[in-house]
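Working notes for the structure below.
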């Protein structure tokens, strides 16, 4: 019993010797600490004399460049390499630094950075409901003297800011970035669907996808074999850099810079790899004609008793929807239906009507169409189906005449579910078909 009492006495003595320490671990409260962090970011953002260069990489893995100039009044001015307008016209917006789960930078009025995240696919070419999977609210991850790292709070895009120089700012305001972006706008100058990079005596057909920022080169090598190379690209103030260079024997293309339109010659003058003079010019035929393309396109829908859809009709001489189908009241889409009748196909006009869709009229062509040995499809006119309203006659006739052009069309497969049908006459007219 004495040993038990002695044990209790020792235990009580030890407990009494231990007191609860109420001294705080930190010298400041959590609110004070977060405010101090936000102040540090604010000082850094507004304190860079020539602003910040930024590289924003979307959740899709596509990179865009920005230039930001922040001030202490929660205003930010920006350039962006989204298009040739954002690359030269400085836009002002507002921003906030806010404590959420962690310090965050919020761009809270619509600006260039919102364009990438806009869920309306018609704004940025992305998916409807998702846009380009970018962000305009960012968690602030790290801050150093010359850089800030951020992560998008919704889509997880990443952005890195680095302190800009006077030259960096001048490259934006002086139009160098706009000139570089002409690479995505060659179609506004060269009216042919097919465009080629000509360098070192070699010709490379180029197909640029500005949404994914990829470019596909197609060429015939020294052995007469068709080659193709697809790579992502990104812009600098000087031009375009290919993430994976094109290699063709002794020829390598890693960058295309100093892009200038020569209106007299009708070509773009460019420098390849910074040293080799080259051109980008139009062509009336592909480097390699897909000989089976027309029949593959036609058979695809014949096999399922389905039809191809075009939302905009023909692109002609640089003009989308050249014949104004989108202006027809309640027009929804143009279709091409192989085997619509026993001996004819139909290029039909679909309208919104009575709460549904109605196929009101169209152009009948012989089924099957003519498939030539050199890879063209030619449609033979049979007649008109349905009643064509007088107020829609011009749009209808212009489209029908283009459809039955005697030179026919090449079919260029652009994805597993889409084709471009390109005029074999001069490649200045085409129409996009999707499933």
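The values are calculated or read from the model by the stated rules, or taken from the named source; none is laboratory data. Quick caveat, the model's predicted, so the values are computed rather than measured. Here Cβ is always computed from backbone atoms with ideal geometry, including for glycine, and neighbour counts include all displayed protein chains.
What to note about this one:
- In this entry, residue 38 is excluded by the filter for residues that are surrounded by 11 or more Cβ atoms within 10 Å (Cβ to Cβ), part of a helix (DSSP H, G or I), in contact with a strand residue (DSSP E or B) (Cβ under 7 Å, 6 or more places away or on another chain) and modelled with pLDDT of 95 or more.
- The residue list 264, 273 contains one member that is at pLDDT 95 or above and at positive phi, which is 273.
- All positions within segment 59-92 that are outside any loop (DSSP other than H, G, I, E, B) and within 20 Å of the chain's Cα centre (by Cα): 63, 64, 65, 66, 67, 78, 79, 80
- Test: residue in segment 207-217 that is over 20 Å from the mean Cα position of the chain (by Cα) and outside the structural domain of residue 426 (by TED's automatic domain parsing): no
- Residues in segment 312-321 that are surrounded by 15 or more Cβ atoms within 10 Å (Cβ to Cβ) and either out of contact with any helix residue (DSSP H, G or I) (no Cβ under 9 Å at 6 or more places or on another chain) or touching a residue at least 40 places away in the same chain (Cβ under 8 Å) (or both): 312, 313, 314, 315, 316.
- Residues that are surrounded by fewer than 21 Cβ atoms within 10 Å (Cβ to Cβ) and either in contact with a strand residue (DSSP E or B) (Cβ under 7 Å, 6 or more places away or on another chain) or closer than 15 Å to residue 66 by Cα (or both) within segment 141-163 comprise 141, 142, 146, 147, 149, 151, 153, 154, 158, 160, 162, 163, listed in sequence order.
- The conditions of being on the phi > 0 side of the Ramachandran plot and part of a loop (DSSP other than H, G, I, E, B) are met by residue 375.
- Residue within segment 399-407 that is assigned to a loop (DSSP other than H, G, I, E, B) and crowded, with 20+ Cβ neighbours inside 10 Å present: no
- Qualifying residue in segment 345-360 (condition: closer than 27 Å to residue 218 by Cβ and either in contact (Cβ under 8 Å) with a residue 24 or more places away in the chain or under 34 Å from the mean Cα position of the chain (by Cα) (or both)): no
- Restricting segment 238-255 to residues that are in contact (Cβ under 8 Å) with a residue 24 or more places away in the chain and within 19 Å of the chain's Cα centre (by Cα), the residue that is surrounded by the fewest Cβ atoms within 10 Å (Cβ to Cβ): 242
- The single residue among 396, 332, 340, 419 that is crowded, with 19+ Cβ neighbours inside 10 Å and in a strand (DSSP E or B) turns out to be 419.
- Yes/no for residue 56 being touching a helix residue (DSSP H, G or I) at 6+ places or on another chain (Cβ under 8 Å) and either at pLDDT 65 or above or not in a helix (DSSP H, G or I) (or both): yes
- Inspection of segment 395-405 finds no residue satisfying the criterion of being more than 14 Å from residue 289 (Cα to Cα) and under 28 Å from the mean Cα position of the chain (by Cα).
- Options 380, 327; residue that is in contact (Cβ under 8 Å) with a residue 24 or more places away in the chain, within 29 Å of the chain's Cα centre (by Cα) and farther than 17 Å from residue 296 by Cα: 327
- Residues that are surrounded by fewer than 24 Cβ atoms within 10 Å (Cβ to Cβ) and in contact with a strand residue (DSSP E or B) (Cβ under 9 Å, 6 or more places away or on another chain) within segment 126-135 comprise just one, 133.
- Checking each residue in segment 262-282 for being surrounded by 12 or more Cβ atoms within 10 Å (Cβ to Cβ) and either in contact with a helix residue (DSSP H, G or I) (Cβ under 7 Å, 6 or more places away or on another chain) or not in a strand (DSSP E or B) (or both) picks out 266, 268, 273, 274, 280.
- Checking each residue in segment 80-103 for being touching a strand residue (DSSP E or B) at 6+ places or on another chain (Cβ under 7 Å) and either under 22 Å from residue 188 (Cα atoms) or at pLDDT below 95 (or both) picks out 80, 81, 82, 86, 87, 98, 102, 103.
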